[in-house]
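Worksheet: one structure, shown below.
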Amino acid sequence: MIDKDMIGSANQAAEADLRAEYDALGETLSRRGVDIEAIKGKVADYGVAVPSWGVGTGGTRFARFPGQGEPAGIFDKLDDCGVIHQLTGATPRVSLHIPWDDADPADLNAKARELGLGFDAMNSNTFQDQEGQALSYKYGSLSHTDKAVREQAVEHNLYCVELGKKIGSTALTVWIGDGSNFPGQSHFTRQFERYLDSAKAIYAGLPDDWRLLTEHKIFEPAFYSTVVQDWGTNYMIAKELGDKAQCLVDLGHHAPTVNIEMIVARLIQFGKLGGFHFNDSKYGDDDLDTASIDPYRLFLVFNELVDAGDTPGFDPAHMLDQSHNVTDPIESLMNSAMEVQRAYAQALIVDRAALSGYQDGNDALMASETLKAAFRTDVTPILQMARLEKGCAIDPIAAYRKAGYRAKVAAERPESGAGGGGIV
Ligand code: LRH
Ligand code: MN
Ligand code: MN
């Protein structure tokens, strides 16, 4: 963890300027009828989960260039996640991926307690074969033509639930790589029927207070067809399974021009928005840092979430899902968590009464400008003040660099191999 005194002294040096900027923003917002303290309170209460797999350096299909001090296993990963939360105060939970993060639940709980972290949704993995695994997922998992493979995949998911129950998780996220690479290779309908049967078996093993989040993805690793390819199929799955089943929207899993915020609105309207994997992309499932390519789109997604506000039972899981190839993953995850908070704060200051009026009056230009007015507002002082008041860093990246955490763990952790490509 980072030395508290170091965070304190860095904050002290920046505090006077921050207070002046916060007060100035408070006056601007108050002229617009917005109470800055209320926004700050909501931002302070907000949390986005970090993916355990995001703290290691990712790779492409071609290569992986590891950084220094890569986490060697889940306990190192949790240490890194602890640092992210200590500095930002924005990431209280970690989302585990099994079997990558499989460990004794007592040890996981002890480590999480020590770091002040909790666990978010469990993620199953039937898109890779693991050492010692009886049957291969080469031709699919939950939708495989062979019943024995499907059963193995179902069992794995139930195992994730069992582990999750012991560490305080209440959701299972299922993403599969099933699909086909050639026209004719798979019978679309029979394949989807098999998937639904398997999903129902998982659903049947879900505790009452759990949710099953199914994640769609347009393509990859299957390139011709994908079983759970879009939000329409995902909605059918959630509808077919029952109330505990909802859809997970990963921002990178859509065709480039798809209107994701509208998908979000549709799923909210029908009670099926279960959660997010935040990231950003230019071409496909690039898993780039959240808001690094299109911050406006992230804002528009949050605009829908805030608009849905207090809809009863509306509680989507918020997670990052990223792969960091050329940056320090801890820095990228801190930045991304702060970008998510920023989009949330900007969405909170949208003048919703005015927007509604412009929508009803068909004033397209002013409706758009109303959103832009919020998006153009620099809410950084709100985020910084929320962090200062929590004892986190006003400037997490600067504090992290000053603390020399990466060099410290590089000296303690074994060097990780370059390897030939990664899956995320
Ligand atoms: C698939 C995905 C899914 C996986 C993660 C590693 O592209 O987004 O969420 O579990 O990446
Ligand atoms: Mn994802
Ligand atoms: Mn993905």
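The values are calculated or read from the model by the stated rules, or taken from the named source; none is laboratory data. Please read these numbers as outputs of a predicted model, since none were measured by experiment. So basically every Cβ, Gly included, is an ideal-geometry build from the backbone, and we count neighbours across all protein chains shown.
Assorted remarks:
- When residues of the stretch 165-199 are limited to those that are among the charged types (D, E, K, R) and either free of Cβ contacts under 8 Å to residues at least 24 places away in the same chain or over 24 Å from GLY271 (Cα atoms) (or both), the one surrounded by the most Cβ atoms within 10 Å (Cβ to Cβ): ASP178
- Hey, GLY47 more than 16 Å from ligand 1 (Cβ to nearest atom) and touching a strand residue (DSSP E or B) at 6+ places or on another chain (Cβ under 8 Å) or not: yes
- Output for the stretch 252-289, where each listed residue is within 19 Å of LYS372 (Cα to Cα) and within 15 Å of ligand 2 (Cβ to nearest atom): ILE260
- The sole residue among LEU298, LEU288 that is closer than 18 Å to ALA343 by Cβ, of a type in the set (A, V, I, L, M, F, W, C) and away from ligand 1 (no atom under 16 Å from the Cβ) is LEU298.
- Pairing residues of the stretch 80-98 that are among the acidic types (Asp, Glu) with residues that are crowded, with 24+ Cβ neighbours inside 10 Å, at Cβ distances under 8 Å and at least 6 apart in sequence or on separate chains, gives ASP80/VAL55; ASP80/PRO329; ASP80/ILE330.
- Per-region count, the stretch 278-297, residues within 16 Å of ligand 3 (Cβ to nearest atom) and either touching a helix residue (DSSP H, G or I) at 6+ places or on another chain (Cβ under 6 Å) or without any contact (Cβ under 8 Å) to a residue 60 or more places away in the chain (or both): 12
- Close Cβ contacts (under 7 Å, 6 or more residues apart or on different chains) running from residues in the stretch 210-234 that are within 13 Å of ligand 2 (Cβ to nearest atom) to residues that are among the aromatic types (Phe, Trp, Tyr) comprise GLU215/TRP175; HIS216/TRP231; LYS217/TRP175.
- Filtered residues of the stretch 235-251 (kept if more than 13 Å from ligand 2 (Cβ to nearest atom), out of contact with any Gly (no Cβ under 7 Å at 6 or more places or on another chain) and part of a strand (DSSP E or B)): ALA245
- GLY275 meets all of the listed conditions (1) under 12 Å from the mean Cα position of the chain (by Cα); (2) within 12 Å of ligand 3 (Cβ to nearest atom) but one, namely (2).
- Options ILE237, ILE263, ILE202, ILE268: the member that is among the β-branched types (Val, Ile, Thr), touching a residue at least 12 places away in the same chain (Cβ under 8 Å) and surrounded by fewer than 18 Cβ atoms within 10 Å (Cβ to Cβ): ILE268
- Given (1) farther than 30 Å from ALA410 by Cβ; (2) out of contact with any Lys or Arg (no Cβ under 7 Å at 6 or more places or on another chain); (3) in contact (Cβ under 8 Å) with a residue 60 or more places away in the chain, number of the condition MET385 does not satisfy: (2)
- Annotation note: of ASP102, ASP107, the sole residue that is over 28 Å from PHE223 (Cβ atoms), in a loop (DSSP other than H, G, I, E, B) and of a type in the set (D, E, K, R) is ASP102.
- Within the stretch 268-317, the residues that satisfy the criterion of being outside any helix (DSSP H, G or I), acidic (Asp, Glu) and at pLDDT 95 or above are ASP280, ASP285, ASP286, ASP287, ASP289, ASP294.
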